[in-house]
Structures are given as C-alpha cells and as structure tokens.
C-alpha cells in the first residue's frame, strides 16, 4: 500500500472490513471474520455518531505552528474552541451561507487562507472540508494549488465529507493522509536515530508516562500529530521506526511511513496493564538494541506495582467496558490484571486490526456479549440492564445512563491508564469508585428517557442487514 | 469579512437542538450526517458552562446519520424509518424533525415525512434548520415559531386553560446563554412579584403545555434582540402587547425600569412590588457599603472591555457604569445582529453613555477582538473563555459572562435582577483578587 497518489485515504470498511453495528457474542463475531463473511449491518434507529469530520478535527487539533480553516457553515466548527483551548491553535470557519452553497465558495476560501496567513504567518495551513462543500463539489484543490506557490507554505486539504464512511475513525486516516502527503519534501539530515511516536488526542498524563519510560531507555523520539509542527511530519520519513499508542488512530500513519519511506512500523499492544506495557517497551527496545534495558525497566517497575496485584481491587467484580476497540481491549487487560472479569463490551467499531485481541478474548470467554456502535447508548443500556455489572467503565455520556441504573461508573474521557503509573492510577480510581457510593446512590433511579417497551425488546432489534 | 476565528455562534440546527432539548417532553429527530449531533453535544455540553440541557447527556439524540447512499439517492426513506422508530424508543409529547445541511442540499422532502408521521397519529412537527441558513440564534427563533404555529391540536386540546395575567418571556437562548436557567428564573421572579404569572417555556416547572398557552398571554417580554421578532409576531397574530428590551436587567435600577415597562402595558396591582423593591434596594445598598474595603483595596475603578452577546453585554455595561464607576472602553457584540438591530444597539449605547461613548464593535472574530483588547489595555475584561489567553497576556482579570465558557461550571447562577447583580459583584471581586 502506497496511498500517496490518492486524493484521500480509502475508508475503513474497504481497508479493514470495519463494522459499526453488531450485537452478539464474542465467538460469533470472531467466526464472521475468520470465515471472511463480515456483514455490514445498519441501524433502523440511531443516535448521532462521530463522522469523518469529527475524527479529522481531533487529529489536527493539537498541531503547533499551523492554522486550520474549517471550510463550511459555522456549526461544523462548534466545539473546536474547547478542543483547542490548551493548544492555542489558530483556526477559523469560512461561515458559509446559503448563497455560498449555490454560487460556490472558492473565493471565500481563497480570501480566508490569505487573511489567516497574513495574520499569523503559520508554517502550514490545513483546510478541513465539510458536508456542504463535499456535496457541492467546491474546488478546494485549485485554491490549494494556487496559494501554495504564492504563500510559500504547505496548504493541506483534508477531504472529509461527513458521509464517506460509516466509521468515523476513517476521518482519522483522511487527516493523517493529508498531513503526510503535503509535508513531503526536502528536509535537513536528521542527527542520529529516533522514533516516531504516533499519538492522536491522547491525554497529556498518558503521554508523559510513555515519554518518561522512553527517557529511561534513552530513545529519542518525536511525537505526531499531537504537539507536532509541520517539520515533524517532514522529518518522520527519516526516523528509525514508527510506533503507535492506539492502533486505531496510529496504523494508517505507521504503514504509510513504512511503504513510502521504509521506516519500519512496530506493531505493539496498547500499553495498558503490565503485560501490554512490557510488550510495548520490549518491542521498541528490541528495535533500538535496548531489549535488555527494556526488560530491566519492566522488572523494576513491576516490583513497584506488585502490591496492586497481590490484593487486586477488582477481585470477584464484573465490569462492563465501553470505548474505542484499542482502549476497551486495553482496559480489558487492566481489569484482568486487577482480578476482575468482563460482563460485556461496547466498541465504537470493530475491524481486522483487533482480531488478535478478539481471539484472545474468545479463547477465554467465547460467550462475552459484544456491542458495536459508537454513542448508541439506547442499545448499550438495554444490554447493561439485562446483566447489571459491578462497575461500568466507558464514555461520559454512557456513564450518565449507567449511573441511573445504580452502577458505579468511571468515565474514560480524562482517565490516564497507560504504562505503570496508569495502572496504579486506574487501580486507585476503581478502588474509590467501588467504595464510595454517595453520588451513585443519590442519582440512581433517575427516570430513563428510554421507553420501557424498548428496554424489554432484544437490544439488536434495530440492527439489520444492509440491502445494497 | 469572509470568515471568523474561533467562531461562537454555531448553526441553526444546533440552536434548534438547544431549544428543543430545553423543553420538557420534546424530542428532536435530526436528519443530517452523524457528526452534526456530535458537534452539538461536544460543544454545548462542554462550552456552555456545563449548563447542559437534559438532552445533551441524559437523553439519546435521535439522528438519521445519513451516508453516501442517502446523499446520492435521497434520504427521505431513512428519515421515515428513523421517525417511526424514535416514537417507539424515546418517550415524548412532541417529536420535532430538524435538518442539517446535507439533507437540505440533497432536497429531501421533510414536510412529506412529517405529514406521514402526523397521519399515523404521532405528534410531529418539523422545521428546516440547515447550518448555512443561520446561526444558533436563528435556530432558536425558527423552532419557537414552528412550535407556536404548528403545535399539534391534540396538545392544545389537552392543555389546561392559561392562568390569568400570563406573561411570555422571550430572548434568553438556552445554552447560547450559559446562564439561561438563572436568567429565566430571575425574570420569572420579577414577573411573579407583580402578581402576574411568567411563562418561561424551558426547563423547571414548564411543559409542552406552556406552548399551547402562548396566545392567551396578556404580555410578551423580549429581553434581548433575539426575542423581538417573536414578540412582534405575537403582537400581529394575537394582538398581545409586547415589551421590547435589548438587554437583561442587571441591578435594582434596571429591575425597576423593566417593571415600569410592564406597568405601562398592564394594569397591575404593583404596590406590593414597590414595598418589596424598597427592601431589596436597601439590601443591595448594604451590600455595596460592605463591599467598600474590597472595592478600594483592589481598585475596582478600572477600564473595562466587554465581549459578549448583546443582551448580556449591554446589561452588564449598564450596571457597572451605574453602580461601580467602571469605565467602559469598548463593547464588542458577538451575536450576529442584523443591520437594524445593530443600529438600535448602537443608538442605545450612544445615548446611555453620551459623555464618553465606548467603541462599539460587532464581531465574533477572535483576532479582531484581541486587537481591540490590546489597543484598549483594559484593567478588567468581561468575556468568554476564549478571552482567557489574551487576559493572561494583558494581565487583565477576566469575568466569564458569555458563550463559550468551558473552564467554569455554572449550575444555577446568572447576572439578571438584583440577586444576579450580587453574583456579578462576587465574580468581579474574585477575578480581581486572583
């Protein structure tokens, strides 16, 4: 795969047989993939769900020394101030109105690019498309071609549409595709070997932990796209290797760099829990001739974590997990190490990238209930109510529902879980959540907005085979 | 200007969602790409001071999440399916179809789908709210007009008769005003103190029946330009008199001013109000007296710049001039007022501050706003969380008063009325002490 010539990344359905709608057990899901008979299902009722635009905006939100233009009506940029408030990214919306959707908005875009460049002199300008310009086929490319020469900085178009894929995560690849494609060029010789660490919208505490570990191993690295600048992308082709944190967000860039620039892509586990963190460190260590140091570091850190494992906080507890597949399988490892078991999983999507994790789960528990669908709380809650867990760990929005059922709940949205410090942080949060139930008791029993008749129906009622 | 940095006014679809989610018993059905609802939830659950309406987190957001197939072949049947199933899953007294840009550009026949729902006996209304046809504010206006004009007959019939002396309150936009709950309640309290009954429409103690009673009110009060069109519409439709204010009443003088406006339109027994008002006025004076050590020690008499939606901006400007002797160097209005509304706003500022007229700027563009702030070198900024970066840079304390507010939790406070003015004093004092 060398996608450099493509306008944008192919969607996940095509690349990895990604699915976004399924309810069943882990064994059935695995069988579908092993037989290569993956069924694309759809919902006849759905809640709003991330599309490629939402995912692309997350990718570009923490890049430094660039300016971002969200080319569309103003609502497409709602929430971007919050997403970028820690980074002080310069960004603007072209605020398209009805006339623009009829007459075209190339001129507005051209003027926005020039004005934003003159105001802030960014090292690159990223243009993110939106449903309106995608449907009207607005000519973004000619603005890019024309102004790149004139302004002398890369202008990077991200061709998302809001409807290119059922899996929002496709937008992650589309944004990385654009960033890697348009920053190719002459770069200074890199001094010495270093690692590309792909991090998309990860928590600063998690990144800090992984950085500290790589510091101990004395492995120089650069992080992208979080906190990267245009030069970081240019330099990426000279790295000794690329590693990700979360395969869902990192794989596209990792493979791109391997194919286009022969930078090896190190496939590792999501570094949550002792076993997976060891895998992450050792594989990186091996690549840099520091396998011994990695093992020593793991041994030393494991000793520190030993008390957490000798009296595991989740002993005898059943946990329901919800989130992106990388995160959920990572949390699964954490729960396992802390003595707990799984009552069910809800994944934003599933695809071939996670077959090894699924296989491991099936080997141990072939009947684990699995729900696939992002932000489809009506199904998740239906599932949870059938088999009330001792603990819910997932997104804030579903935690709100789970708490109404009286289930102690933890939001993963701001929860550091990576590496050794992540393990101890996770154990501490779990301990408090299970012990201190004041808030949960106070809010449990909230009237559900979901009809009782729905909650009595099979949770997969609205998932149907797609008719092409 | 062809664009703005760090935009604050979102789109009509989001405004419709914010408005519908604040109405108990209303469930929106979004016909749009999946991300439209996510952008709304991401923004208004985190940027409105966490003053999210029940719907942002608590209630699943029904959405058709249209894909490529629907863009090419039309998404009408997908909407039919979604509507049919929404009524089976989500409990509601009214279902409101709202649309995004993609489905409007494709040209899906929303009216036909809504009619099908109505023919099946479901309480369905619809309104076209593509983002390219307006901001959050316009979405608020559109949904309100639709609710008034198209409220299903069954709801009207089931509604109790309107109470005597019912007063409708317009112009406080849920979520776009992060302090909307307290602001509505405070206006409601003032109306109640006059022996009338406020019709607030949103949140606590309100229901879908509040909408059936709109035409039976004796008065409509608009407390921002975003309530003017609705108030005028009701004047024409039902002949109900209207009070057209441009801003929130902040502090005793403004409260009395509002009451005088109401008195001019209605014949009410207001003696009780005035005796209570005297007590409140005295109470407020005592607070100011007690404030003196802080006021003098922290040099409250500074130059201010206000960056806010017009209703909040003018309300605060009026108060800090009347009661605190704070100089106002510039007022930056961030809501997208049309030309006539801008003229009215400018005229109010020019006459209210005739001795030293603050520079008046209409923009939501962060760069332009920051340039004004750098030029004016204020000693205090009233603004949004977006101004926190420049506030640190200029070493000018920031009081968060306007959308977006993502670094402060707002549960039930605001700046309207006398109690709101006390809150504002606390906010100013705290900002200056930090």
- Message: If residue B:83 satisfies all but one of (1) more than 7 Å from every other protein chain (Cβ to nearest Cβ); (2) within 16 Å of residue A:75 (Cα to Cα); (3) buried (at least 23 other Cβ atoms within 10 Å of the Cβ); (4) touching a strand residue (DSSP E or B) at 6+ places or on another chain (Cβ under 7 Å), what's the number of the condition it fails?
- Response: (2)
- Note on the structure: With criteria (1) free of Cβ contacts under 8 Å to residues at least 60 places away in the same chain; (2) more than 7 Å from chain B (Cβ to nearest Cβ); (3) part of a helix (DSSP H, G or I), residue A:133 comes up short on (1)
- Index of the failed condition, residue A:389 passing every other in (1) within 14 Å of chain B (Cβ to nearest Cβ); (2) under 18 Å from residue A:331 (Cα atoms): (1)
- Note on the structure: Per the list (1) buried (at least 18 other Cβ atoms within 10 Å of the Cβ); (2) at pLDDT 95 or above; (3) more than 14 Å from chain B (Cβ to nearest Cβ), residue check on residue A:163 breaks on (3)
- Message: If I filter region A:72-85 for residues that are over 23 Å from the mean Cα position of the chain (by Cα) and in a loop (DSSP other than H, G, I, E, B), do I get at least one hit?
- Response: yes
- Message: Being in contact (Cβ under 8 Å) with a residue 24 or more places away in the chain and either touching a helix residue (DSSP H, G or I) at 6+ places or on another chain (Cβ under 6 Å) or crowded, with 19+ Cβ neighbours inside 10 Å (or both): is that true of residue B:381 here?
- Response: yes
- Task: Please note which helices (runs of 4 or more DSSP H) are completely contained in region B:361-434 and include at least 1 residues that are within 14 Å of chain A (Cβ to nearest Cβ) and more than 26 Å from residue B:11 (Cα to Cα).
- Result: B:366-376, B:388-394
- In region B:280-324, what residues are outside any helix (DSSP H, G or I) and touching a residue at least 60 places away in the same chain (Cβ under 8 Å)? B:298, B:299, B:300, B:302, B:303, B:304, B:305, B:306, B:307, B:308, B:309
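Residue-by-condition table, conditions (1) buried (at least 23 other Cβ atoms within 10 Å of the Cβ); (2) on the phi > 0 side of the Ramachandran plot; (3) within 7 Å of chain B (Cβ to nearest Cβ); (4) out of contact with any helix residue (DSSP H, G or I) (no Cβ under 8 Å at 6 or more places or on another chain):
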position: A:84; (1), (2), (3), (4): no, no, no, yes
position: A:101; (1), (2), (3), (4): yes, no, yes, no
position: A:105; (1), (2), (3), (4): yes, no, no, no
position: A:123; (1), (2), (3), (4): no, no, no, no
- Output for region B:4-35, where each listed residue is within 7 Å of chain A (Cβ to nearest Cβ), touching a residue at least 40 places away in the same chain (Cβ under 8 Å) and touching a helix residue (DSSP H, G or I) at 6+ places or on another chain (Cβ under 6 Å): B:5, B:6, B:7, B:9, B:10, B:11, B:13, B:14, B:30, B:33
- Residue within region B:141-160 that is facing chain A (nearest Cβ under 10 Å) and modelled with pLDDT of 95 or more present: no
- Only listed residue being under 21 Å from residue A:49 (Cα atoms) and surrounded by fewer than 23 Cβ atoms within 10 Å (Cβ to Cβ), chosen from A:343, A:324, A:315: A:324
- Task: Could you tell me whether region B:95-103 includes any residue that is farther than 27 Å from residue B:202 by Cα, in contact with a strand residue (DSSP E or B) (Cβ under 8 Å, 6 or more places away or on another chain), at pLDDT 95 or above and assigned to a helix (DSSP H, G or I)?
- Result: yes
- Matching residues in region A:396-415 (out of contact with any helix residue (DSSP H, G or I) (no Cβ under 6 Å at 6 or more places or on another chain), at the interface with chain B (Cβ under 10 Å from one of its Cβ atoms) and farther than 11 Å from residue A:444 by Cα) number 2
- Inside region A:416-462, can you point out the residues that are part of a helix (DSSP H, G or I), touching a strand residue (DSSP E or B) at 6+ places or on another chain (Cβ under 9 Å) and either within 14 Å of chain B (Cβ to nearest Cβ) or buried (at least 21 other Cβ atoms within 10 Å of the Cβ) (or both)? A:419, A:422, A:423, A:426, A:430, A:454
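The values are calculated or read from the model by the stated rules, or taken from the named source; none is laboratory data. Computed from a prediction, not measured in an experiment: that's the story for all the values here. Reconstructed Cβ throughout: ideal geometry from the backbone, glycine too, with neighbour counts over all protein chains shown.
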